[in-house]
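One structure is given here, and the rest of the page talks about it.
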Amino acid sequence: MRQGDLARALTLQNEALQVCRDLEDEDGVVWVLMNLGVIARLAGDTARAADYLEEARQRSMELGDRRLCAITIAALGVLAD
């Protein structure tokens, strides 16, 4: 992916995050945080990626959504690879 694509992806995901927060859509917030983690990883910012993914993991646990929690843990595992 070209760097310009990552910048556009980041912009769109941040917009989506705001919409999900405005709507109080906690599942949506978790998914967007995971997407932001992937974008940060692709940009080479593993620390930021870990922050996004850890927040997504914590929120999914608070929601009691074990499936979503497993997905975030798997994403953290990919980051650690």
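The values are calculated or read from the model by the stated rules, or taken from the named source; none is laboratory data. Since the structure is predicted, the reported quantities are computational estimates derived from the model, not experimental observations. Counting neighbours? That spans all protein chains shown, and the Cβs are built from the backbone with ideal geometry, glycine included. Please note that ligands, DNA and RNA were not included when accessible areas were found on the heavy atoms of the full protein model with its side chains. Shrake-Rupley method; radii C 1.70, N 1.55, O 1.52, S 1.80 Å.
Before we move on, is residue 56 in contact with a helix residue (DSSP H, G or I) (Cβ under 6 Å, 6 or more places away or on another chain), buried (at least 20 other Cβ atoms within 10 Å of the Cβ) and under 17 Å from residue 11 (Cβ atoms)? In short, no.
If the condition is being at pLDDT below 95, open to solvent by 60 Å² or more (accessible area, probe 1.4 Å) and in a helix (DSSP H, G or I), then region 72-81 contributes 78, 80.
Of the residues 15, 55, 24, which single one is in a loop (DSSP other than H, G, I, E, B), more than 11 Å from residue 75 (Cβ to Cβ) and either free of Cβ contacts under 8 Å to residues at least 60 places away in the same chain or under 12 Å from the mean Cα position of the chain (by Cα) (or both)? The conditions single out 24.
Residues that are more than 14 Å from the chain's Cα centre (by Cα), at positive phi and not in a helix (DSSP H, G or I) do occur in region 62-69.
Which residue out of 43, 56 is aliphatic (A, V, I, L, M) and within 17 Å of residue 6 (Cβ to Cβ)? The conditions single out 43.
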